[in-house]
Amino acid sequence: MRFASHMDTALVEARAAADRGEVPVGAVVVDPQGRMVAQAGNRTRELNDPTAHAEILAIRAACAAAGSERLPGHALYVTLEPCAMCATAISAARIARLYYGASDPKSGGVAHGARVFSHPQCHHVPEIYDGIAAQEAEALLKRFFRDRRGDADRPDL
């Protein structure tokens, strides 16, 4: 099977999240055959739910579609480095591959902060590919924060 990135769809979800006033993060889950099975953008404000991150919503939908709490062989594309909560969910779901765009030095849980996958108690570690469409994802986040809060020079993005 030929590799095909699904980051463009994740970016569409991120833009839609921004249009809803949410932090622009989008995620897509792809099955082992390369078919998109779920996609989501952040909805924490809309749902009044601090766990409604794009990754969590996409994983929930993919698990529901699969009829299982685990997604072996699946890949997750997300526009921003997952936080510790999302990284833990990725591990629990047994996602095989994680592709993410922009790094998140402030709140990341993969390469920064908690580094969930390098913790000895982590039960499953996906293959990790970072920097996928990172410039576009980072620009979207910076534009969002500039427009919403006036802090375009936020040092952590």
So, by mean Cβ neighbours within 10 angstrom, what's the order for 115-124, 58-67, 44-53, 17-26 with the highest one leading? 17-26, 58-67, 44-53, 115-124
Which value in deg cm²/dmol, rounded to the nearest 500, describes the helix-derived mean residue ellipticity at 222 nm for the chain, given -39,500 (n - 2.57) per DSSP H run of n ≥ 4 and division by the residue count? -10500 deg cm²/dmol
Got a number for carbon plus sulfur as a percent of the stretch 1-114's accessible area, 1.4 Å probe? 53 percent
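Which length gain, in nm to one decimal place, applies between residue 48 and residue 149 when the Cα-Cα distance is subtracted from 0.36 nm times their residue separation? Intermediate values should be presented prior to the final figure.
Details: separation 101, 0.36 × 101 = 36.36 nm, distance 2.03 nm.
Answer, rounded to one decimal: 34.3 nm.
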Accessible-area ranking of 142, 106, largest first, probe 1.4 Å: 106, 142
How would you order 70-81, 88-99 from highest to lowest mean count of nearby Cβ atoms within 10 Å? 70-81, 88-99
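So if each residue of separation counts as 0.36 nm, and I subtract the Cα-Cα distance between residue 64 and residue 9, what length gain in nm does that give? Walk me through the numbers before you get to the answer.
Numbers: separation 55, 0.36 × 55 = 19.80 nm, distance 2.01 nm.
17.8 nm is the gain from fully extending residue 64 to residue 9.
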Please give the per residue accessible area of the chain, computed with a probe of 1.4 Å over protein heavy atoms only, in Å². 49 Å²
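Once the piece of chain linking residue 36 and residue 119 is laid out straight, how much longer is it, given 0.36 nm per residue of separation minus the C-alpha distance between them?
Extra length from residue 36 to residue 119 when fully extended: 26.9 nm.
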Considering Cα pairs under 8 angstrom that are at least six residues apart, work out the relative contact order of the stretch 27-139 and quote it in whole percent. 22 percent
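The values are calculated or read from the model by the stated rules, or taken from the named source; none is laboratory data. Small disclaimer: the values here were computed from a predicted structure and weren't measured. Note that we place each Cβ from the backbone using ideal geometry, even for glycine, and neighbour counts take in every protein chain shown. These accessible areas exclude ligands, DNA and RNA; they are computed on the full protein's heavy atoms, side chains included. Shrake-Rupley method; radii C 1.70, N 1.55, O 1.52, S 1.80 Å.
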